[in-house]
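Reviewing the structure listed below.
The values are calculated or read from the model by the stated rules, or taken from the named source; none is laboratory data. The model shown is predicted, which means the values in this text are computed figures rather than measured ones. For neighbour counting, all protein chains shown are included, and Cβ atoms are generated from backbone atoms with ideal geometry for every residue, glycine included. When the accessible area is computed, the model is the full protein with side chains, heavy atoms only, and any ligands, DNA or RNA have been set aside. Shrake-Rupley method; radii C 1.70, N 1.55, O 1.52, S 1.80 Å.
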Amino acid sequence: AYEARVIEFADVLCDRGVHRVVLLLPVDVRSAALDHALRRIRAAQTNATARSKCAVAVATAGDEPRFGDARVRLRRQDGFHMTPAGAEVVWQRVRPTVLAAMAHGTAP
């Protein structure tokens, strides 16, 4: 059901003339239980975008080691959500992939 909703959402945008829908997958989290759930969500989102008309998924995981050692707070107090500085860390790493996905419709 979740994959179907992602496909439907992306396809509505595609049908309205959007050239490419780029879905950024959830970032790293510290909680093992939440990480387990997010792995399932990431897989569902990746499968759904592959079946959509014009969407691609871009992985954002990979920055967790940098979050613990930062001098600037990269996560909000809840420990899950990014601060603007944390979002910038992730964005700087995934930006080339996002731009390539927008241009070519594929993501590594």
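Close amide H pairs (under 5 Å, H built 1.01 Å from N) link Thr83 with Arg75, Arg76, residues at least 5 positions away or on another chain. Our helix-only sum for the chain, with -39,500 (n - 2.57) per DSSP H run of n ≥ 4 divided by its residues, gives a mean residue ellipticity at 222 nm of -18000 deg cm²/dmol. Both radii were evaluated on the Cα set of the stretch 1-98; the Rg over Rh quotient, with Rh as the Kirkwood radius, amounts to 1.02. Just name one of Ala50, Pro96, Ala37: the one whose Cα is farthest towards the positive end of the charge dipole of the chain (beta-carbon charges, Lys/Arg +1, Asp/Glu -1). Ranked along the dipole, the leading option is Pro96.
Residues of the stretch 1-33 with amide nitrogen under 13 Å from the 7 Å Cα-to-Cβ point of Lys53? Backbone N within reach: 7-21. Please report the carbon-and-sulfur percent of the accessible area for the stretch 9-68; probe 1.4 Å, protein heavy atoms only, DNA, RNA and ligands left out. Carbon and sulfur atoms account for 58 percent of the accessible area of the stretch 9-68. Take the chain with all the other protein chains still there, run a 1.4 Å probe, and you get 63 Å² of accessible area per residue.
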